[in-house]
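**Q** A single structure is presented below for examination.
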Amino acid sequence: MAPSFATTLVDQTATEGILSTYTLPTINDPESNTCTVSIVTSPAYVSISGTVLTFSPPAPSAGTFPITLSVTDGVNTPQFSFNLIVVAN
């Protein structure tokens with residue numbers, strides 16, 4: 001069975017020129033395999049380390065941007081999405 005997040009990913013808000021982070025929910029894997037999260041699609045200013053996403057949107061970049069992540073347990077690799085809403089500073 002495929003891994004999943006314990007709760008739904010929620011849309012995040014970031015402000016231009018200000019660094020912010022989003023700690024992802026706990027990952028559940030039915031077989032208790034080690035899981036890895038990767039970015040599939042996102043703006044260039046989004047990065048990931050473990051289960052923490054970092055946003056550092058430059059000005060001007062206000063708008064709504066979809067972010068898609070994958071979670072793999074080495075066998076299954078489902079994808080999960082949420083929106084990053086960037087507001088002007």
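Values quoted throughout were computed directly from the atomic coordinates according to the rules given, and no laboratory measurement underlies them. Since the model is a prediction, treat every value here as computed from it, not as a measurement. In this analysis, Cβ positions are derived from the backbone assuming ideal geometry, glycine residues included, and neighbour counts consider all displayed protein chains.
**Q** What are the ³J(HN,Hα) couplings of region 57-67, residue after residue, when phi is run through the Karplus curve with 6.51, -1.76, 1.60 and θ = phi - 60°? Round to Hz, x for glycine and proline.
**A** x, x, 8, x, 8, 4, x, 10, 10, x, 10
**Q** Let me ask something else about it. For region 40-47, just list the computed ³J(HN,Hα) in residue order, Karplus coefficients 6.51, -1.76 and 1.60, θ = phi - 60°, integers in Hz, with x standing in for Gly and Pro.
**A** For region 40-47, the Karplus curve yields 8, 9, 5, x, 4, 8, 9, 9 Hz.
**Q** Another one. What is the antiparallel percent of DSSP beta bridges lying wholly in the chain, to the nearest 5? Mind dumping the intermediate values first?
**A** Numbers: 23 of 27 bridges.
For the chain, the DSSP antiparallel bridge percentage is about 85.
**Q** With each label point set 7 Å from Cα along the Cα-Cβ vector, what nm distance links residue 41 and residue 19?
**A** Calculated label separation equals 2.9 nm.
**Q** Output the Kirkwood hydrodynamic radius of the chain, Cα pairs only, in Å rounded to one decimal. Spell out each step's value before the answer.
**A** Values: mean 1/r = 0.0739 Å⁻¹.
Answer for the chain: a Kirkwood hydrodynamic radius of 13.5 Å.
**Q** Name all residues of region 51-89 having a backbone nitrogen under 20 Å from the label point set 7 Å from the Cα of residue 34 along its Cα→Cβ direction, giving them as ranges.
**A** 51-53, 70-78
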